[in-house]
Amino acid sequence: MSIFELLSQDDIYLNLQADTAEDIIRLMGDGLHQAGKVKDGFVQATLEREHNTPTGLALGGAYNAALPHVDLEYVQQSALALATLAQPVQFHNMVNKEEQVPVRLVVMLALSDPKSQIEALGQVAVLLQNPAIVEKLVVAESKADVIAALSLVDGAAK
């Protein structure tokens, strides 16, 4: 499955104002839950996983990202949610839990099977390795801008 098949326009959040990683995870997870894409317990399980195994990722460019996710058992239907943040929010670093990473891009993964997980993670990895695409996402002013930026990811479009 491509990231285009997984990402609904309803699950794109632009210039979110948030104080904490928890606020962002709750907002994005609640949106997926209300859409029937994830099961009860998804948000709490994602928060617990983020606490134990952080997902903040220092990308080495102007912007950093986080990839909150949880086990397949909490997913009803595979989906992605994407948020850009008006101001950086601190996530703990996935490489060194003691470090914090100021994040402006959050991609929440809710994947129901290992095959879609591998494909989607591959496309997200390509996206995050391209500073120009990351910047286009972070500065996007519309959902159409987000879709246009994602279309630059190899293998994302059908």
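Here are the numbers:
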item: 5 angstrom amide H check on K39, placed H, neighbours 5+ away; result: V75, Q76
item: Label-to-label distance, nm, for residues given as D23 and D113 (7 Å Cα→Cβ offset); result: 3.8 nm
item: P(r) tail fraction, the chain - alpha-carbon pairs more than 24 Å apart, %; result: 24 percent
item: Long-range amide H partners of H92 with built H, under 5 Å; result: T55, G56, V101
item: Distance in nm between pseudo-label sites at A86 and S8 (7 Å out along the Cβ direction from Cα); result: 2.6 nm
item: Inter-label distance for D40 and N96, nm, one decimal - labels placed 7 Å from Cα along Cα-to-Cβ; result: 4.2 nm
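Rule-based calculations on the coordinates, nothing more; no lab input. Values in this document were obtained by computation on a predicted structure and should not be read as measured data. Every residue, glycine as well, gets a Cβ built from its backbone with ideal geometry; the counts of neighbours run over all protein chains shown.
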